[in-house]
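Visitor: Okay, here's the structure, questions in a sec.
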Amino acid sequence: MALLALLLVGFASSALAPVVVRVGRRASGLVLGLVPLGLTVWLATFVPTALSSTPSTFHADWVPELGLALTLRADGLALFMALLISGLGTLVVIYSGDYLREHPRLGEFLGWLLFFMASMLGLVLADNGLFLYVFWELTTISSFFLIGFESEKEEARQAALRALLVTVLGGQALLLGLLLLGAEAGTHTLSALPAAGPALRESPYFLAILLLVLGGAFTKSAQVPFHFWLPGAMAAPTPASAYLHAATMVKAGVYLLARLSPVLGGTPVWQGTLVAAGLVTMVVGALLSFGQTDLKRVLAYATVSVLGTLVLLLGLGTAWAAWAMVVFLVAHAFYKGSLFLVAGAVDHGTGTRELPRLGGLGRVMPFTASAAGLAALSMGGFSPLFGFIGKELVYEASWRAPGGGVLALGVGLGFALLVGTALRVGIRPFLGLPREGGLQVHEAGPALWGPSLLLAVGGLVLGLVPGLAEPLLVRAARDIAGSEGSIPHLSLWHGLTPALGLSVASLLVGGGFFALRVPLRRALGALHLERWGAERLYHLSISGLTRLADVQTRVLQNGSLHRYTFITVAALVGLLALVLFSRVRWLEFPREELRLYEAVLLILLVVSACVAIRMKSVLTAVIALGVVGLAEAMVYVLLGAPDLALTQVVVQTLTVILFALVFSRFPVRAHREEHSRRWDAALSLAAGGLITWALMNITAQPRHTELAETYAARSARDAHGLNIVNTILVDFRALDTMGETTVLATAGLGVYLLFRKQRQRSQA
């Protein structure tokens, strides 16, 4: 129950954030920061059980028929991610309160930030695949509002839409994959899936499940070719960039792969796909970061590179690789979160994020410079920072893998580029003399440089005393890779190993890249990689869909209600005729005696319909249609359905009154040419004849009473209703009724908006 309460506190705080900001804007960041801080302390109490074989759980059935249950489980991997989310969330919320202090929508921003945090906590703690998907999409929705927070800017709106479309597309693939996975495994409980792993790998649906899950993970974690949405999302305010794109949302796909690794991993297609995609993403992201000059976009492409590294390690599938992935993920969260917050402080203190304009900032911004320097050294893999330990483990895991020499060289190229990037963003802007341009530089307040410095110092402390986090990280790695394989102790020194040599080489080569940063950036700019990459394909797809919709609208929505009706009825007649002529046997219909009152009603119906068709007066035609409706009501009465007859009478009366009021303003009936009237008559006769034939065939079939008996037996027992028709509509056909209600509500909303717009025009 404690796990559920933890999530409820997170979501409740998001709803209360605007109220807190209205009460005390200046202290709102500190006050709301107490929520994720409290959650972090609360989560820390679950560490002992997570390290044991009986982690804390919570289970409550939601829709058991669909296998949907509210199941939460705080094992090592989930708790490790949850502590990262809430811990970083504390610093980001405090930072946001000062960074956006003067923004009129600060409360809304903090609300969405806390909502996102709670959704991420639900995602990593969920132990039911379908419930995980619910939180997965909640993170997508909240990130959409955070990325597009500056909605008055076209760039922000486009970036939010791009991120939404890409991640939702992957989310739909993930949903289908999770449904297939649960169907094949016989359970949607994630902790129970590893036992079904061997059988799943033999399933004919295994490849489809794998590709669908990878589609969801790759889009969320910005793997090539879906990487382009992440740099564009830098249109979000800096706190959102630091939180979503450095440590949390983009890691959701990596977490999903780690969680399902014991189930889907260990196969050639898993290993080949993840290793190839991860290596390509690592190198491409690092290369593209060198072609950028905006501080946040440089960091965004560097994040893409690191995400590729994490996916590559999961593809290797060894205990060493799982260990390296967990350690490197923590190191990246600390240094990249710090650098993103530094980017916001630099923007706040200088008014620009363009690297060519920045220099000598360390003299005026010493605290920000200290945070940037420590974080950059960790990003580059310099000892004794925690990033050095993570990088060494990545090298070691790559070296131990099959074909490790070639793989380690590819990883080395990516790391060397990241070293150059680290020097560009964390060292160069703060050293040397100020650049020309007359920037008015000032140090940010403690609420801005404090969180970034704390994260940077955290990376240093973990590097010097790596045993602080080792027990939980080991448990998380075991949850990914299982109990097989040895996991080394964290240490700054592992001896003279190939990994150490590769690490030193990457530092040297990365220094060379940094020295050649200007010509390298120009060369990458000349290649126009972004223009001809996946982003170009995205824009072509969107413009193509827009043009297709435009052509389709001109063809189908031509403004003629008569044509719409004719085409719709003709399509229905064609489909009905196809079914009847292909499947229905010509039956000898039972002959029943036609009673006098039935004959009178039949004549009244036919005559009224003919009058409605032939009359030139609109009002006369409306009255004739009213007679048709009342005759239908009499048929319902004779067939024993008085409630339906009453409904028909009320609706028909209101319809006649409304039609009479509206059409009385049309002095002349619209004229149609003779050939159009003939086509209408032919279609009407065809529709009426086919429907009559279908009904006669239906009534001639033997009547089965099982369905009626089932409804009669279950109405009072299950639906607690004595009126069988009502219980069918409300309970047994609940989704159908909900759809009809939604249609009516939407129509009512449209009418309301039209009237409101008309009133606004009249007032203007």
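Visitor: Would you mind computing Rg(Cα) / (2.2 N^0.38 Å) for region 94-195, counting N as its residues? Could the numbers behind the result be given before it?
Guide: Working: Rg = 16.8 Å, N = 102, 2.2 N^0.38 = 12.8 Å.
For region 94-195, the normalised Cα radius of gyration is 1.32.
Visitor: On alpha-carbon atoms, Rg over Rh for region 394-525 using Kirkwood Rh?
Guide: Rounded to two decimals, Rg/Rh equals 1.05.
Visitor: For region 71-112, what class follows from the C-alpha gyration tensor (a ≥ b ≥ c being the square roots of its eigenvalues): rounded when a/c is under 1.5, otherwise prolate if a/b is larger than b/c, else oblate? Mind dumping the intermediate values first?
Guide: Details: a/c = 7.05, a/b = 2.56, b/c = 2.76.
The shape class here is oblate.
Visitor: Additional query: What per residue convex hull volume, in Å³, do the alpha-carbon atoms of region 1-141 yield?
Guide: Residue-normalised Cα hull volume stands at 98 Å³.
Visitor: Give the Rg/Rh ratio for region 135-197, taking Rg as the radius of gyration of the Cα atoms and Rh as the Kirkwood radius, to two decimals. Spell out each step's value before the answer.
Guide: Numbers: Rg = 16.3 Å, Rh = 13.4 Å.
Ratio value, two decimals: 1.21.
Visitor: Placing unit charges on C-beta atoms (Lys and Arg positive, Asp and Glu negative, everything else neutral), compute the dipole magnitude of region 374-470 about its Cα centre in debye, rounded to 20. Walk me through the intermediate numbers first.
Guide: On the way: 5 positive and 5 negative charges, 41 e Å.
Dipole magnitude for region 374-470 comes out near 200 debye.
Visitor: Once the Cα atoms of region 280-371 are picked out, what are the Rg and Dmax in Å?
Guide: 15.5, 47
Visitor: Provide the per residue accessible area, probe 1.4 Å, for region 409-467, rounded to a whole number of square angstrom.
Guide: Here the per-residue accessible area is 40 Å².
Visitor: Let me ask another. What list of whole percents do you get for P(r) of region 239-285, with Cα-Cα distances grouped in 10 Å bins up to the one holding the largest distance?
Guide: Here the calculated profile for region 239-285 is 23, 43, 28, 6.
Visitor: For a protection proxy built on the mean count of beta-carbon atoms within 10 angstrom, sort 219-232, 618-631, 43-56, 385-398 highest first, please.
Guide: The densest-packed peptide leads the list: 385-398, 219-232, 618-631, 43-56.
Visitor: Distances over 12 Å make up what percent of all Cα-Cα pairs in region 216-269?
Guide: Beyond 12 Å sits 67 percent of the P(r) for region 216-269.
Visitor: Counting pairwise Cα distances across region 364-420, what percent come out greater than 18 angstrom?
Guide: So the pairs more than 18 Å apart make up 42 percent of the total in region 364-420.
Visitor: Separate question: Note down, for region 1-76, the three equivalent ellipsoid semi-axes (square root of 5 times each alpha carbon gyration tensor eigenvalue), biggest first, whole angstrom.
Guide: In descending order the semi-axes read 30, 19, 6 Å.
Visitor: Using just the helices of the chain, give the 222 nm mean residue ellipticity in deg cm²/dmol: DSSP H runs with n ≥ 4 each add -39,500 (n - 2.57), and the total is spread over all residues, rounded to 500.
Guide: Counting only the DSSP helices, I get -24500 deg cm²/dmol.
Visitor: Ok, one more. What value does region 477-519 have for Rg/Rh, both radii from Cα atoms and Rh as Kirkwood defines it?
Guide: 1.23
Visitor: How many times 2.2 N^0.38 Å is the alpha carbon radius of gyration of region 397-458?
Guide: Scaled against compact globular proteins, the figure is 1.76.
Visitor: A further question follows. Which order do the peptides 284-292, 741-749, 416-424 come out in when sorted by mean C-beta neighbours inside 10 angstrom, highest first?
Guide: The peptides rank, most packed first, as 416-424, 284-292, 741-749.
Visitor: Mind checking the per residue accessible area of region 1-66 for me, 1.4 Å probe, whole number of Å²? Each step should come with its number before you reach the end.
Guide: Numbers: 3800 Å² over 66 residues.
With the other protein chains kept in place, region 1-66 gives 58 Å² per residue.
Visitor: Setting aside same-chain residues fewer than 8 positions from LYS391, which lysines have a Cα under 27 Å from its Cα?
Guide: Partners found: LYS220, LYS251, LYS296, LYS336.
Visitor: While we're looking at this one, here's another question. State in Å² the accessible area per residue of region 690-751; use a 1.4 Å probe, count heavy atoms of protein chains only, and round to the nearest integer. Please list the in-between numbers first.
Guide: Details: 4720 Å² over 62 residues.
Averaged over the residues of region 690-751, the accessible area is 76 Å².
Visitor: What percent do you get for the relative contact order of the chain when only Cα pairs under 8 Å and 6+ apart count?
Guide: On the way: 1084 pairs, mean separation 74.1, N = 764.
Contact order relative to length: 10 percent.
Visitor: Full-extension gain between SER676 and VAL41, please, as 0.36 nm times their residue separation minus the C-alpha to C-alpha distance.
Guide: The SER676-VAL41 span can extend by a further 221.0 nm.
Visitor: Still on this structure: When the accessible area of the chain is split by element with a 1.4 Å probe, what percent falls to carbon and sulfur?
Guide: Carbon-and-sulfur percentage of accessible area, whole number: 68.
The values are calculated or read from the model by the stated rules, or taken from the named source; none is laboratory data. Since this is a predicted model, take the numbers as computed values, not measurements. All Cβ positions, glycine included, derive from the backbone under ideal geometry; neighbour counts span all protein chains shown. Please note that ligands, DNA and RNA were not included when accessible areas were found on the heavy atoms of the full protein model with its side chains. Shrake-Rupley method; radii C 1.70, N 1.55, O 1.52, S 1.80 Å.
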